[in-house]
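To start, the structure itself, in structure tokens.
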Amino acid sequence: MFANSTPVHSTQSGLHPDLTFHVQRALDHQWQRPIAEHTRAAFDTAQQFYQAHGGPLILDAGCGTGHSTRQLARCYPRACVLGIDRSADRLSRNHDRTLGAFPDNALRVRADLVDFWRLAHLAGWQPVRHFVLYPNPYPKASQLKRRWHAHPVFPVMVALGGVLTLRSNWQVYVDEFACAINLATGQKPPVEALSLTPESDFISAFERKYFDSGHALWQLECALTSMDIDYA
Ligand SMILES: C[S@@+](CC[C@H](N)C(=O)[O-])C[C@H]1O[C@@H](n2cnc3c(N)ncnc32)[C@H](O)[C@@H]1O
């Protein structure tokens, strides 16, 4: 990747005025969209891998090329790390051929997270860690509902539990996510600026690209308790 990424540009300089409405609506109404067959099949593959491994579960949601999945598998060698992304193109790319074989304790699967998260929750998965690294920001105000925290699947993300780590190069995204977590759980997770240096171990391909492009990077981390959601 090249260091030519432009910072996120948005007419929004603070929380979207409709944020609370959309988060509360998602919390009050269970999302019923049918689950796509291709994600069901991908979930079955992931489930078999996880069951065979048996270790604590780490999710890398929107893993892109899977660089972060690989890094997490190395950092947590006892864990079972699942990288999930809907883009076959991203998943097939290998930017750094010097990295060697994919770790045995990690798997990348192609799936739509909005369905994968619901299947994971239905199956009773309780990840110990859940990484959401540099999600698409959808910075136009009209795109609010496409941001994870204002999406109908948000309560399921939260209900999975575990320590959730969100990183973004758009502070507004992380501030909004913190506000949504507060509405869902009452917690007030701090939003922190990441202090990385050129020597840092960049967790993902986008982190490296944004750092090299001089962007400020933001993180939120919070420990969530898994909750029941009624799908009946
Ligand atoms: C900006 S990239 C970040 C990739 C990676 N986390 C990183 O930091 O390098 C966002 C990724 O989220 C994936 N994504 C967006 N919406 C998704 C969805 N509904 N299901 C699965 N993946 C999704 C995209 O395909 C893309 O690879």
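Derivation of every value follows stated rules applied to the coordinates shown; laboratory data play no part. On a predicted model such as this, the values are computed, not experimentally measured, just so you know. Backbone-built Cβ (ideal geometry, glycine too); neighbour counts: all protein chains shown.
Assorted remarks:
- Here the Karplus relation 6.51 cos²θ - 1.76 cosθ + 1.60, evaluated at θ = phi - 60°, turns the backbone of the range 187-203 into coupling constants of 6, 10, x, x, 9, 10, 7, 7, 10, 9, 10, x, 8, 4, 8, 5, 6 Hz, with x for every Gly and Pro.
- For Leu217, the residues whose amide H sits under 5 Å from its own are Leu194, ignoring neighbours fewer than 5 places away on the same chain, with H placed 1.01 Å from N.
- Within the range 128-145, backbone nitrogen closer than 20 Å to the virtual label 7 Å beyond the Cα of His38 toward Cβ: 136
- Neighbour-limited loop hits for trypsin sites (Lys or Arg not before Pro), the range 46-130 (at most 11 other Cβ within 10 Å; DSSP other than H, G, I, E, B): Arg78
- Think of each Lys and Arg Cβ as +1 and each Asp and Glu Cβ as -1; about the Cα centre, that makes the dipole of the range 1-155 roughly 200 debye.
- Expected 222 nm ellipticity per residue - DSSP helices of 4 or more, -39500 (n - 2.57), all of the chain, to 500: -10000 deg cm²/dmol
- Counting only DSSP beta bridges whose two residues both lie in the chain, roughly 35 percent are antiparallel.
- When the chain is treated as a Gaussian network with alpha carbon springs shorter than 10 Å, the biggest mean-square fluctuation among Gln71, Gln12, Gln24 belongs to Gln12.
- Nonlocal amide H pairs with Val163, under 5 Å, H built at 1.01 Å: Arg129, His130, Leu224
- Backbone N under 19 Å from the Leu194 label point (7 Å along Cα→Cβ), restricted to the range 37-75: 58-75
- Footprinting exposure proxy ranking of Asp115, Asp18, Asp60, fewest other C-beta atoms within 10 angstrom first, gives Asp18, Asp115, Asp60.
- Relative contact order [Cα under 8 Å, 6+ residues apart], the range 76-232, whole percent: 23 percent
- GNM result for the chain, Cα springs below 10 Å: residue of Glu207, Glu37, Glu199 fluctuating most strongly: Glu199
- Residue by residue, the range 139-147 carries 3J(HN,Hα) couplings of x, 5, 4, 5, 9, 3, 5, 8, 6 Hz when phi is fed to the Karplus relation 6.51 cos²θ - 1.76 cosθ + 1.60 (θ = phi - 60°); x denotes Gly or Pro.
- Proximal charge balance of Arg147 [Cβ under 13 Å; K/R count +1, D/E count -1]: 0
- When the Cα positions of Val174, Gly64, Ala123 are compared along the charge dipole of the chain, Gly64 comes out farthest toward the positive end, with charges on each C-beta of Lys, Arg, Asp and Glu.
- Charge dipole of the chain about the Cα centre (unit charges at C-beta), most positive-ward option of Ala46, Leu99, Ala193: Leu99
- In plain terms, the C-alpha convex hull of the chain casts an average shadow of 12.5 nm² when viewed from every direction.
- Rounded to the nearest whole Hz, the Karplus-based 3J(HN,Hα) values (6.51 cos²θ - 1.76 cosθ + 1.60, θ = phi - 60°) of the range 161-166 follow the sequence x, x, 7, 9, 10, 10, with x at glycine and proline.
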